[in-house]
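To keep things clear, I will list the structure first and then write my remarks on it.
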Amino acid sequence: MQFPTGSEVKDAVATFFSDVYVGGWGSTSQIVGLSGLRLGYSSSDYITALSKATIKISSSELLSKSTVDWIVEELGISNGTAAFTDADSVLDWIDIYGAVLDLREPGLAAINCSAGLTHMPFDLHVDFPIFAMDVSLNGALFGNARMMDLLIAPSSNSTTLAITLRVELRFEESDDIKSQVATVIEEMVVNGATVPGLMSATGLVVGVSLDDNVNAFSAMVGELDMTHITGRGTTVLDSLVSSLQLDDVLLGIAGEQELTADVVATMNKALPNIYAHIPYLHLEVELNGVVFAQISVVNVEYSDGAVVANASVFWPTEVATIQRVGDVITNILFNRTNDLSNDVVRFVNLQFGASESDALLFASDAGIVFNAASYIAAQTALYAEGTSRHFELIDIHTVLTDTGVSVNITGSVLPSTVPFRNKENAGAIVQVMYAPNGTVANDMFDVLFHDLYFVPNEHFTFNLDVVARDFVPSIASILPRLIEFRPYLADVWVGRVILTDNDPRQGDYVGLQTFGQLNVVCPDEYFYSPLYIRPSLKVSLTEGLDLDIDMYFSNPGPLHLELGSMGVILRDRTEEIGNVTLTINTLNNLEGGNAQYGNHVPISVKITLDPLLIGQNLVDLITGAKQYSLDWFSFKEGVGADNSAPWLVDLLDAAPADLVSNLIPVIVAVLGNIDIQIGDWDINLSSVFKSTASEILQWGEDHYL
């Protein structure tokens, strides 16, 4: 069969199918005619007697609805033309057996697929080397679709025809199509399947190649309501996303602004025999119009539900945006209120393709708004009730060192849904800062994280070294608040976070500096209360006064402290007239420290003065009428110069003046939080002093670390 190529033929065919599309079978006005009839042995040996006869038949009668119904039913297709009334009914006939999506060729998306065309109980053989058309979205050219090597043949199932083909999609990237694609994507997110618009096909050619084909159908216009596409697309996409399960994510540092992740995942509801090769995928996250993160994924391989990929996240150095994100995260961790009513989060600049330089950009103008307020509110509620508290600290073992403290931390068991791991030797650096009135004044401590261990279904652990820096200016704020049982971290901030690819104690590392300007207000923390005091007094006219105080308290939290022995020697000029020593070794709730008397701190007070002069000396000490010197000391364990902790001595040395300047509230607070036990007597002053203190000092509820 040969087809003429003139425009009259193309227009006539297009008009006919347009009439069928609009009015249905039997509504066409065209006349179908036969002429030039030749009967014979070959194209050169035939009878010409009928060659000038013309047979004309009305197309509306030839292809009436009843005639087409009869033909369809004779082929064995049930329901006649009712089976073709809409796109959904036709799409339901297609049963996909397998497909391979390949984006490795620049500018091209190739799909090799096999499928079954059901409800077709007859023999049909179709072999089209090429079947091509132009595809438009709402009038904007989307690209060219080519179905190569289309083969339709009977299958082993008597009612199904087997289809194999290769589809090649070459995309246009004009501003017009970018705008149309953006509208469709954004409408899908907001309205689901209900998306206005039309997908149309024109320029249909069928043949051996693009140069050798039949173009009689090229003027036809086929249209498909976008709802038929987006409805199914939304369902499939939602199913795939909801079934995505991260199995393993190995995190690493690639530079000062880049984090890497080697990802292994599973899609549990994936279609069988589906494979994909996507060399490059890019997406950006905007917060309030500013790009917060640029996410690039390379070498995505999808095979029968298994996904592997290499991702990287690049953070532009936008301080205000980083700070806003940090505030939201820490508010969740510290159970503080998040107000995101004025924050807008969008996913933008979607690109994918063979490489970064050859990426397809037709979807790059889309901006998908993410309901951050609703998501954060849900996560905050789950975290508050413990449902999603995957990173709960259960044991904090703290030991005094000569430069600060060393801490070994054990956390809860990580669920399989949190499969994040760090590369070997990775660490972090965090600074603790003194920030009165929100103005960062100095670095109190550097916190060095090392020996990180995060493995799903196991307790996570990590160690940290707290190194003392310039902490003395903060004592005037922290110490009185601590002893007054008020929030003692009110002027302390944590931040300047640097993630490192190596142990930060070694100094040789690459650090992710993105969060280096982050500052976070610490949560409210209070000293242990109540304190149970059991004094034992011994008075000697020759040796002075010995007072042993056993202090007990309950520790319901995970903090275990080993601070050794510390104290002060009181001197009158060069003569020692007294000393105070206490040993701090607290137990946490795992060690029985949450019992009423779970922790014991022995305090030894020795005064070598004449007992009759003690009262006057105390008055002189407080009023400054007489000059005394205080020599503070601290030992990590036992007693001896080799075990001293100079930084803690500096801290203690800076404390007395601040305590004296806050003497009245300190006394009130101590009396309001102690229970004195002498023999069988129990003197509890807390009810009187706490009620007074809550009015004067505006205390809140007790909190424990």
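The values are calculated or read from the model by the stated rules, or taken from the named source; none is laboratory data. Quick caveat: nothing in here was measured; it's all calculated off a predicted structure. Every residue, glycine as well, gets a Cβ built from its backbone with ideal geometry; the counts of neighbours run over all protein chains shown. We work out accessible area using only protein heavy atoms, side chains counted, and drop any ligands, DNA or RNA first. Shrake-Rupley method; radii C 1.70, N 1.55, O 1.52, S 1.80 Å.
What fraction of the DSSP beta bridges in region 130-185 is antiparallel, stated in percent and rounded to the nearest 5? Display every interim value, and only then the final one.
Details: 18 of 18 bridges.
Taking every DSSP beta bridge with both residues in region 130-185, the antiparallel ones total about 100 percent.
R0 = 56 Å: FRET efficiency of Glu61 with Val241, Cβ-based, nearest 0.05? Present the calculation step by step, with values, prior to reporting the outcome.
Working: r = 52 Å, r/R0 = 0.93.
Computed FRET efficiency for Glu61 and Val241: 0.60.
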Problem - Distribution of pairwise C-alpha distances over region 252-318, 5 Å bins, in % - result: 4, 16, 21, 19, 16, 11, 8, 4, 1
Problem - Solvent-accessible area of Arg505 with every protein chain in place, 1.4 Å probe, in Å² to the nearest 10 - result: 110
Fill in the blank from the handout: Here, Leu198 and Ile94, labelled 7 Å along Cα→Cβ, have an inter-label distance in nm of 2.0
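Counting other Cβ atoms within 10 Å, which trypsin sites (Lys or Arg not before Pro) in region 10-61 have at most 10 and lie in a DSSP loop?
Values: sites: Lys10, Arg38, Lys52, Lys56; in loops: Arg38, Lys52.
Filter output for region 10-61: Lys52.
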Problem - Separation between Cα centres of region 31-60 and region 455-523, rounded to whole Å - result: 94
Exercise for the section: Determine the dipole magnitude for region 429-489: charges of +1 sit on the beta-carbon of Lys and Arg, -1 on that of Asp and Glu, nothing else is charged, the reference point is the Cα centre, and the result goes in debye to the nearest 20. Expected result: 300
Handout entry: Surface accessible to a 1.4 Å probe, Arg146 within the full protein complex, Å²
Key = 50
Handout entry: Virtual spin-label span in nm between Asp11 and Ala490, 7 Å along Cα→Cβ
Key = 8.8
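At a 1.4 Å probe, what is the % contribution of carbon and sulfur to the accessible area of region 497-600? Could the numbers behind the result be given before it?
On the way: 2580 of 5020 Å².
That fraction is 51 percent.
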Fill in the blank from the handout: Sequence order, region 409-423: Karplus ³J(HN,Hα) from phi using 6.51 cos²θ - 1.76 cosθ + 1.60, θ = phi - 60°, Hz rounded, Gly and Pro as x, gives 10, 10, x, 5, 6, 6, x, 5, 6, 10, x, 7, 10, 9, 5
Problem - Under 15 Å, Cβ to Cβ, from Ala14 - net charge with Lys/Arg +1 and Asp/Glu -1 - result: -4
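Could you order peptides 550-563, 339-352 by the average number of other Cβ atoms within 10 Å of their residues, highest first? Don't jump to the answer; show the numbers that get you there.
Numbers: 550-563: 19.2, 339-352: 15.6.
Result, highest mean Cβ count within 10 Å first: 550-563, 339-352.
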Exercise for the section: With all protein chains present, calculate the accessible area of Phe334 using a 1.4 Å probe and round the result to the nearest 10 Å². Expected result: 80
Practice task
Can you pull the one-decimal nm distance between simple spin-label points at Ser35 and Glu105, each 7 Å off the Cα toward Cβ?
Solution key: 4.4
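What FRET efficiency would be calculated for the residue pair Glu301, Glu576, taking the C-beta separation as r and a Förster radius of 56 Å, to the nearest 0.05? Present the calculation step by step, with values, prior to reporting the outcome.
On the way: r = 76 Å, r/R0 = 1.35.
Between Glu301 and Glu576 the formula returns 0.15.
Could you order Arg170, Arg469 by accessible surface area, starting with the largest, using a probe radius of 1.4 Å? Please report the intermediate quantities before stating the final value.
On the way: Arg170 75, Arg469 125 Å².
Result, largest first: Arg469, Arg170.
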Handout entry: Spatial separation of Cα centroids for region 394-413 and region 138-171, in angstrom
Key = 63
Completion exercise
Between the alpha carbon centres of region 422-436 and region 358-377 the gap in Å comes to 31
